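Please treat every number below as a calculation from the coordinates, not as lab data. Bear in mind the structure is a predicted one, so any value in this text is a computation, not a measurement. Counting neighbours? That spans all protein chains shown, and the Cβs are built from the backbone with ideal geometry, glycine included.
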Amino acid sequence: MALHKINTLKASDFDAIRLKLASPEVIRSWSYGEVTKPETINYRTQKPEKHGLFAEEIFGPSKDWECYCGKYKKIRYKGIICDKCGVEVTQSIVRRERMAHIELSSPVTHIWFLRGVPSKIGTILDMSVQALEKVIYFSSFIITDVNQEALEQTLEQVKAEYKAKKKMIEGEKKRDIARVQEKFADDKKKCDEEIKRIEDLAEKKLKELENDFIAVDRDLKEMRVMKIIPEVTYQEWSIKFGHIFDAGIGAEAILKLLERID
């Protein structure tokens, strides 16, 4: 009579089947331990490496009723966990059933959910696979949060600053023209040349000011959650508008967006 039975189920035992993704908490509840090393077996001793992919303290003993270090042997020690090597004394067949887990230092994106047809992540976030790959493979950043109140305040400040600088340039132009007219009152030709120079300089300053305002205004209005931006733009915006938005890169940024979706 077998001492360890594996439950065998038939199709007739089920009324229905539901498939769903297991949460990290559920996976940890199934796990018998964490794998922390990529090794499988020690090629000198031919035994599984501790904390590796075949670890006996996680998956169970390689030999029936014998722990890893050999302190406990035979069935009379059934169920005892060795205080030296941490291996439970049981049948080796449990290695077929027991699961382990790996704690990732940062999130990763599974290729099935990224590149499947259709892309599961792309469908949920309404993004193309190409756009997702730019973020996941660390080519571009994606905006994960925008402070709308700070955005509107900054937009108003930019408009007010533009009007103030424009008024200042026009005021300087009028004062300079008046000064030139007074200085060259007897030399009309020289006066006209100086006035033309002042007007051209003021026009150039106004054009540069307007271009800067249009660029900043465009950037602020384009700033939205899930907008993908290159690294150069991210660095530039972080300096100018770091208080307005948050952006991320890699699978961690995609996870942050997915966590907000019910």
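How large is ³J(HN,Hα) for each residue in the stretch 96-106, as worked out from phi by the Karplus curve 6.51 cos²θ - 1.76 cosθ + 1.60 (θ = phi - 60°), to whole Hz, x for Gly and Pro?
Values per residue, Gly and Pro as x: 6, 9, 6, 10, 10, 9, 10, 8, 7, 6, 8 Hz.
Once each part is reduced to its C-alpha centroid, what is the distance from the stretch 68-125 to the stretch 32-63 in angstrom?
One Cα centre to the other: 11 Å.
Report ³J(HN,Hα) in whole Hz for each residue of the stretch 81-95, in order, from the Karplus equation J = 6.51 cos²θ - 1.76 cosθ + 1.60 where θ = phi - 60°; Gly and Pro get x.
For the stretch 81-95, the Karplus curve yields 9, 4, 6, 9, 10, x, 9, 6, 7, 7, 7, 5, 5, 5, 5 Hz.
Collect residues whose amide H, placed 1.01 Å from N in the peptide plane, falls under 5 Å from the amide H of Phe141; neighbours closer than 5 in sequence don't count.
It is Ile229, Glu231, by chain and number.
What per residue convex hull volume, in Å³, do the alpha-carbon atoms of the chain yield?
236 Å³
Just report the Cα centroid separation between the stretch 223-254 and the stretch 169-221, whole Å.
37 Å
If you keep only loop residues by DSSP, which GluC sites (Glu not before Pro) in the stretch 63-107 have at most 14 other Cβ atoms within 10 Å of their Cβ?
Counting only loop positions with at most 14 other Cβ atoms within 10 Å, the GluC sites (Glu not before Pro) in the stretch 63-107 are Glu97, Glu103.
Would you work out the relative contact order for the stretch 17-101, in percent, from Cα pairs under 8 angstrom that are 6 or more residues apart?
The normalised contact order for the stretch 17-101 reaches 29 percent.
Which are the unpartnered cysteines of the chain, meaning those with no other cysteine Cβ under 4.7 Å from their Cβ?
For the chain, the answer is Cys191, because their Cβ atoms have no other cysteine Cβ under 4.7 Å.
Pairs of alpha-carbon atoms within less than 8 angstrom and 6+ residues apart define the contacts here; what relative contact order does the stretch 132-262 have, in percent?
Dividing the mean separation by the residue count of the stretch 132-262 yields 57 percent.
Hey, any idea what the orientation-averaged projected area of the convex hull of the stretch 17-101's Cα atoms comes to, in nm²?
Averaged projected area of the stretch 17-101's Cα convex hull equals 6.9 nm².
Counting pairs of alpha carbon atoms under 8 Å apart in space and at least six apart in sequence, what relative contact order in percent does the chain give?
19 percent.
Quote to one decimal, in nm, the extra length available between Glu210 and Tyr137 on full extension: 0.36 nm per residue of separation minus the C-alpha distance between them.
Extra length from Glu210 to Tyr137 when fully extended: 22.5 nm.
Could you state the principal axis extents of the C-alpha atoms in the stretch 145-258, from the largest down, to the nearest angstrom?
75, 25, 16
For Glu156 paired with Gln91, estimate the spin-label separation in nm (one decimal), with each label point 7 Å from Cα along the Cα-to-Cβ line.
With each label point 7 Å from Cα toward Cβ, the separation is 7.5 nm.
Name the residue farthest towards the positive end of the dipole of the chain from the options Gly171, Gly122, Ala160, assuming +1 on Cβ of Lys and Arg, -1 on Cβ of Asp and Glu, about the Cα centre.
Gly122
Under the Karplus relation 6.51 cos²θ - 1.76 cosθ + 1.60, θ = phi - 60°, what is the ordered set of whole-Hz ³J(HN,Hα) values for the stretch 153-159, x standing for Gly and Pro?
5, 5, 4, 5, 5, 5, 5
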